[in-house]
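The values are calculated or read from the model by the stated rules, or taken from the named source; none is laboratory data. Here the structure is a predicted model, which is why all the values come from computation and not from measurement. Here the Cβ positions follow ideal geometry from the backbone for every residue, glycine too, while neighbour counts run over all protein chains shown. Accessible surface is based on the protein model in full, side chains and every heavy atom, while ligands, DNA and RNA are left aside. Shrake-Rupley method; radii C 1.70, N 1.55, O 1.52, S 1.80 Å.
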Protein chains: 2
Amino acid sequence: MSNPLHHIGYLGFDVFGTVVDWRSGIARASQPFLERHGLDVDPFRFADEWRALYQPALQTVRSGERPWVRLDLLQRENLETILARHGADFATIAESELADLNCAWERLDPWPDTVEGLTRLKTRFPIGPLSNSHIAGMLHLARFGGLPWDVITGAEIARSYKPQPQTYLKSADVVGLPPHRVALVAAHNSDLQAARACGLRTIFVRRPIEHGPAQSTDLAAEHEWDIVADSLIEVADILGCPTL
Amino acid sequence: MSNPLHHIGYLGFDVFGTVVDWRSGIARASQPFLERHGLDVDPFRFADEWRALYQPALQTVRSGERPWVRLDLLQRENLETILARHGADFATIAESELADLNCAWERLDPWPDTVEGLTRLKTRFPIGPLSNSHIAGMLHLARFGGLPWDVITGAEIARSYKPQPQTYLKSADVVGLPPHRVALVAAHNSDLQAARACGLRTIFVRRPIEHGPAQSTDLAAEHEWDIVADSLIEVADILGCPTL
């Protein structure tokens, strides 16, 4: 391979938005719940509102305001916040319904190019999530969508949330590599920027409808990332991975 | 499935001896090294001696005598101990040779039934190593032998070595399950005994030549384990996993 990534020993992937379509999946899972409980809110708006609380919740951990907790707990708190905002009557909602809806984050469809792209990349590189999700969430999501990970790295391994350096550095460490031999694959410029600051190589994949048809962020590479592509299949092409 | 393991949500595997044949692999990798350096020791004996230092080295960490270190460092120290015992002249041995020989633990053949058994088990259960190896070692071994793990659990996740309870309990915790919904698959009665004491289910696989033709330990189940089998294929049969 004649490219700047020939020395790469591990590809770590951002997952929500980069590998899977969280917005459609959360909307799909929320719709029957919202209808059942007479909550008059569009399921996609519900998904967007739930997701909007994601970074602020992570920030409470990053800042040290609260001790390390896994993502599923934060997502669950955020779910209850959003439901309360829309006037949900918690007395009529079973605990099992909330637990099940929270697990919607573990049942999200891969983008159409994801499984083929990952499968091809895996022929040449070890691959794994380098996500803010907890390990069990990534395990369940992989089995739901057929994501052929070799290992699960990311926030829980490091007990820190991206973009904190420790998340990238510890992920490289556990796969036995220095940072410059790891590449982050992500649809978010800020994630790649933080990874680069830690010495990782950077692969940007455009996901222009992650946030729906009106998406205004991350539509283009904002820095000179090592690779810029429109799909994981294109990343596999660029890295010279054989077709299936 | 009408068996006591129908509620199992994760199968964690002991690896050295249970999943792969470490003795043949270490002997194979050691032979050219020993010849090159004029060390007159049978490669299988060399493998046995190297392995014999494994538990004592782990014990120094378990006891708190030294802080947590990964298995590859302990194996490397043990390698140098054995070489010194056989009169190796370290002035003539390149660092890269030692590093490469130490990586022999990441290039061990699976037993003949392993890949088929794991592949079948994976259709019904998430699977992963629950080993004393470090994560990178398990990652490399999996790619060498085609072991289709979903996740890597074990000592490094827990920062403790089996049979310490934390190793089993933390492995269950990161896959999101209570101990009784995890089964340990192992060829060693003592490992299963410790796992059972933590509440895990237990699957014993006989590996009567792990230590060579004269093996005298772990030839039979010493307790009433939930499953006793002669191969991972038989485990898959007992658990009702479809054939490939």
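Assorted remarks:
- The range B:1-48, subset assigned to a loop (DSSP other than H, G, I, E, B) and of a type in the set (S, T, N, Q), residue farthest from B:R124 (Cα to Cα): B:T18
- Some residue of the range A:200-216 being of a type outside the set (S, T, N, Q) and within 26 Å of B:T153 (Cβ to Cβ): yes
- Count - residues of the range B:210-233 that are under 20 Å from B:L130 (Cα atoms), out of contact with any Pro (no Cβ under 6 Å at 6 or more places or on another chain) and open to solvent by less than 60 Å² (accessible area, probe 1.4 Å): 10
- Selected residue (only one of A:R143, A:R159 is within 14 Å of another protein chain (Cβ to nearest Cβ) and under 25 Å from B:G145 (Cβ atoms)): A:R143
- Only listed residue being touching a Gly at 6+ places or on another chain (Cβ under 7 Å), under 26 Å from A:D173 (Cα atoms), touching a residue at least 24 places away in the same chain (Cβ under 8 Å) and surrounded by 14 or more Cβ atoms within 10 Å (Cβ to Cβ), chosen from B:L101, B:L71, B:L53, B:L79: B:L71
- Test: residue in the range B:169-181 that is within 14 Å of chain A (Cβ to nearest Cβ) and of a type in the set (V, I, T): yes
- Verdict on A:E106 being more than 14 Å from the chain's Cα centre (by Cα) and not aromatic (F, W, Y): no
- Taken over the range A:183-209, the criterion of being open to solvent by 30 Å² or more (accessible area, probe 1.4 Å), closer than 14 Å to A:P163 by Cβ and touching a strand residue (DSSP E or B) at 6+ places or on another chain (Cβ under 7 Å) is satisfied by A:R196 alone.
- Any hit, the range B:201-224, residues being within 14 Å of chain A (Cβ to nearest Cβ), at pLDDT 95 or above and touching an Asp or Glu at 6+ places or on another chain (Cβ under 7 Å): no
- Residue within the range A:141-160 that is in contact with a Gly (Cβ under 8 Å, 6 or more places away or on another chain), more than 22 Å from A:V61 (Cβ to Cβ) and not charged (D, E, K, R) present: yes
- Cβ separations smaller than 9 Å between residues 6+ apart or across chains give the following pairs from the range A:154-177 residues that are farther than 23 Å from B:H140 by Cα and of a type in the set (G, A, S) to residues that are assigned to a helix (DSSP H, G or I) and open to solvent by 10 Å² or more (accessible area, probe 1.4 Å): A:S160/A:V61; A:S160/A:R62; A:S160/A:Q166; A:S160/A:K170.
Residues checked against (1) closer than 16 Å to A:N102 by Cα; (2) open to solvent by 60 Å² or more (accessible area, probe 1.4 Å); (3) without any contact (Cβ under 8 Å) to a residue 40 or more places away in the chain:
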{"residue": "A:I8", "(1), (2), (3)": "no, no, no"}
{"residue": "A:F16", "(1), (2), (3)": "yes, no, no"}
{"residue": "A:I26", "(1), (2), (3)": "yes, no, no"}
{"residue": "A:L39", "(1), (2), (3)": "no, no, no"}
{"residue": "A:A57", "(1), (2), (3)": "yes, no, yes"}
{"residue": "A:R66", "(1), (2), (3)": "no, yes, yes"}
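- Residue within the range B:172-182 that is surrounded by 18 or more Cβ atoms within 10 Å (Cβ to Cβ) and assigned to a strand (DSSP E or B) present: yes
- Residue tally, condition more than 11 Å from every other protein chain (Cβ to nearest Cβ) and either touching a Pro at 6+ places or on another chain (Cβ under 7 Å) or assigned to a helix (DSSP H, G or I) (or both), over the range B:119-132: 3
- Qualifying residue in the range B:133-156 (condition: open to solvent by less than 30 Å² (accessible area, probe 1.4 Å), among the polar types (S, T, N, Q) and part of a loop (DSSP other than H, G, I, E, B)): yes
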